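The values are calculated or read from the model by the stated rules, or taken from the named source; none is laboratory data. As the structure is a prediction and not an experimental result, all values here were calculated from the model. Heads up, the Cβs are rebuilt from the backbone with ideal geometry, glycines too, and the neighbour counts pull from every protein chain shown. Ligands, DNA and RNA are stripped out before the accessible areas are found, and what is left, the full protein with its side chains, is counted by its heavy atoms. Shrake-Rupley method; radii C 1.70, N 1.55, O 1.52, S 1.80 Å.
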Amino acid sequence: MANKILYILYQPYKWLFYIPFLFLNTLLFGFIAVLVSTFVNQRTGSYFGGVVWSRLNACLAPMFVKVKGRENIAPDTSYVVIANHQSYFDIFLIYGWLGIDIRWIMKKELKKVPGLGFGSKKVGHIFLDRSNKRVAVDSLNKAKSILVNGTSVVIFPEGTRSVDGNLGKFKRGAFKLAGDLQLPLLPVTINGTGRILPSGTIKLFPGKATMIVHPPIDSRGINDGNLHEIIDYAAKVISS
């Protein structure tokens, strides 16, 4: 009963402040990302247009964040980061608190979001057309050129958000990419964001989110023969 009352009281804040402000600051930070990327560099543009933007919007929700296992990240090492996907707030959590320079493999539909689309393109995020296999392969090949000097890529191997919080079947792309580039996989578990903003809804409500960074998985031995074993192992690590 208390939660229901709090949810009702939260609605004016959500509709009158948070959602309009999210739209406006996404436009603003998109322009900032473009300007900083153009006149400084993409890494700095990604920080202001991504990290600062994510932390601002997460804190205003508010989403209370706890991170475990950051000691498993080695400085100046590039990773293929793989995480479970519960909510759009996963983006705020990973971008804002993982603490490394990252690029996203994003579905092409996000390119149309004002501010987010042009800002993301300018800082070097990669848009993936999942309906076109050839274009999707080209997008993953583009990712190969930027994963150097500590710049990592984030992929949700489920491919979409989980509706019920259970881990979905992992697709092969992230693991093939890690094997081709000989980059370690960095498994990340996300808990709590699905309760803050459930998949397929606008039922936003404050809450706690935890991000657990697991030890990296060596990809140097990945091949077609053992790919499914690596995928199964990564899924067990994340679901643990």
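When each pair of different Cα atoms in region 1-91 is counted once in the 1/r mean, what is the Kirkwood radius in angstroms, to one decimal?
15.8
Quick check for you: with a 1.4 Å probe and neighbouring chains kept, what is the accessible area per residue of the chain, in Å²?
52
Quick check on region 111-240: take the gyration tensor over C-alpha atoms, sort the square-rooted eigenvalues as a ≥ b ≥ c, and tell me if it's rounded (a/c under 1.5), prolate or oblate.
Oblate, because a/c is 1.5 or more while a/b does not exceed b/c.
What size of dipole, in debye to the nearest 20, comes out for the chain about its Cα centre when the only charges are +1 on Lys and Arg C-beta atoms and -1 on Asp and Glu C-beta atoms?
Details: 29 positive and 14 negative charges, 119 e Å.
That gives a dipole near 580 debye.
Among the listed pairs 14/111; 171/236; 169/203; 66/208; 107/171; 66/122, which are separated by more than 18 Å between their Cα atoms? 14/111; 169/203; 66/122, as the Cα separations exceed 18 Å there. Taking 179, 150, 69 as the candidate residues, the one with maximal mean-square fluctuation in a Gaussian network model of the chain, Cα springs under 10 Å, is 69. Free of any trypsin sites (Lys or Arg not before Pro) that DSSP assigns to a loop and that have at most 12 other C-beta atoms within 10 Å, the longest stretch within the chain is 1-168. Counting protein heavy atoms only, region 160-232 has 52 percent of its accessible area on carbon and sulfur, 1.4 angstrom probe. Helices of the chain meeting both criteria, an alpha-carbon length of 27 angstrom or more along the long axis and an average Kyte-Doolittle score not below 0.5, with helices taken as full DSSP H segments, are 19-39. Give me P(r) over region 50-188, computed from all C-alpha to C-alpha distances, binned every 5 Å, as integer percentages. P(r) over region 50-188, rounded to whole percents: 2, 9, 19, 24, 23, 15, 6, 1, 0. Counting protein heavy atoms only, region 33-134 has 59 percent of its accessible area on carbon and sulfur, 1.4 angstrom probe.
What dipole magnitude, in Debye to the nearest 20, does region 76-181 give about its Cα centre under +1 on Lys/Arg Cβ and -1 on Asp/Glu Cβ? Could the numbers behind the result be given before it?
Values: 17 positive and 9 negative charges, 107 e Å.
That gives a dipole near 520 debye.
Volume per residue for region 2-45 equals 66 cubic angstrom (convex hull of Cα atoms).
If you take the Cα Rg of the chain and divide it by 2.2 N^0.38 Å, with N the number of residues, what do you get? If you can, show how the numbers build up before the last one.
On the way: Rg = 17.7 Å, N = 240, 2.2 N^0.38 = 17.7 Å.
My calculation over the Cα atoms of the chain gives 1.00.
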